[in-house]
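Chemist: One structure, pasted below without further comment.
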Amino acid sequence: MIETMVAMSVLLVATAASFGSQIASFGLIDSSRDTSTAMTDLETCMELMIARATGRIPGDFAAGAPVPAFSDLHLRDEAIVPTYPSGENADPLDIVLTATWLDARGRTQTLQLATQATD
């Protein structure tokens, strides 16, 4: 009887450890999925921007203002904001897009994508 109780205790501890690692694994999967989704949204937004003439980009996509088409698109409280580090009239035009969103735990996450555009 004692051997059975010891075996059950060992099995219970092993099961609890396994359950904890599964929960951590699900958190990593959620984080990876959110990051992949954000990168896809950043790439799509960047393609929309660089399809325009370089001189029109800052006018159509205001620096520091969220791009309306990508607000709350796929992620919770998602926003994509363009900035132009080299100035809005530079040639080539440096473009940095920053995506922010809230993850499943309510923490703010950020991802950036940068490129240059020229006529």
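Chemist: Can you confirm whether residue 3 is at pLDDT 95 or above, of a type in the set (D, E, K, R), out of contact with any His (no Cβ under 9 Å at 6 or more places or on another chain) and surrounded by fewer than 11 Cβ atoms within 10 Å (Cβ to Cβ)?
Modeler: no
Chemist: Can you work out which of the residues in the stretch 61-78 that are acidic (Asp, Glu) and modelled with pLDDT of 95 or more is farthest from residue 92 (Cα to Cα)? Break it down stepwise before answering.
Modeler: Step one: filter the stretch 61-78 for residues acidic (Asp, Glu), giving 72, 77-78.
Of the ones still in play, those that are also modelled with pLDDT of 95 or more are 77-78.
Numbers: 77: 32, 78: 28 Å.
That would be 77.
Chemist: So for the stretch 74-83 (the condition being in contact with a Cys (Cβ under 7 Å, 6 or more places away or on another chain), touching a residue at least 40 places away in the same chain (Cβ under 8 Å) and closer than 24 Å to residue 119 by Cβ), does at least one residue qualify?
Modeler: No, because not a single residue in the stretch 74-83 is in contact with a Cys (Cβ under 7 Å, 6 or more places away or on another chain), touching a residue at least 40 places away in the same chain (Cβ under 8 Å) and closer than 24 Å to residue 119 by Cβ.
The values are calculated or read from the model by the stated rules, or taken from the named source; none is laboratory data. Just so it is clear, the structure is predicted and the values come from calculations on it, not from any experiment. Glycine gets a Cβ as well: all are built from the backbone with ideal geometry, and neighbour counts include every protein chain shown.
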